[in-house]
Amino acid sequence: MTEIDLLRACQQHDVRAQTALYNLYKTRLMGLCRRYARSQPEAEDMFHEGFIRIFQQLHTLEQSEKLLPWMKRVMVNTAINVYHKNHKQQAETDLDDAWMHASDDHLDTLSRLGNYELLELIEQLPDGYRLVFNLYVIDGYNHVQIAEMLQIAEGTSKSQLARAKNLLKQKLKTLGIYSYEEH
């Protein structure tokens, strides 16, 4: 069955096709949820809520080649909705202080870690920092988009990213993976 056949069958509420779609993308989409969640149970809740939304809204998708990006967007939006439901917005932070401690070397250092280790470090970030870090560094959204999605100021997005990077550097230094002298 081609992806377009699978999409069309799912849009016609074919249970076998829906199961096939779920099985085809569950690992990738669960991984996305794990990055945004504070815990495995929260990730599973996001994942299941996201798949419910996917099946409810699948009829709106017309191009099969956009299926995976669309499903990822639904999952990211679900993660953001969970964040909004469970947490109050954090106050603006001191942007100058945050940027003073940040650098762009985080990607090089983080690339030395395996996916599992990186996921564990990201999970330890405070909720707002974790969301912004994931959206910006991993999923490629810019600060304007993040601010709109999270309903925060653009400066808050930049500040939370800088603080997330700083916290990750501190954790990496503690683990002996990162040295401030290297950079």
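Derivation of every value follows stated rules applied to the coordinates shown; laboratory data play no part. Keep in mind that this is a model prediction, so the values were computed, not measured. Neighbour counts are summed over all protein chains in view; Cβ atoms, including those assigned to glycine, are modelled from backbone coordinates with ideal geometry.
FRET efficiency for K171 and S64, Cβ-Cβ distance as r, R0 = 41 Å, nearest 0.05? Provide the component values of the computation, followed by the final result.
On the way: r = 41 Å, r/R0 = 1.00.
FRET efficiency, K171 to S64: 0.50.
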Points 7 angstrom from Cα along the Cβ direction at N142 and Y22: gap in nanometres? 3.9 nm
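Filter the GluC sites (Glu not before Pro) in segment 1-65 to those in DSSP coil with at most 16 other Cβ atoms within 10 Å of their Cβ, and list the result. Kindly include the intermediate steps, with their values, before the conclusion.
Working: sites: E3, E42, E44, E49, E62, E65; in loops: E62.
Hits after loop and neighbour filter: E62.
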In terms of modelled amide H atoms, which long-range or inter-chain residues lie less than 5 Å from the amide H of I152? none
Segment 21-36 - phi-based ³J(HN,Hα) in whole Hz, Karplus 6.51/-1.76/1.60, Gly and Pro as x: 4, 4, 5, 5, 10, 4, 5, 5, 6, 5, x, 4, 5, 4, 5, 8
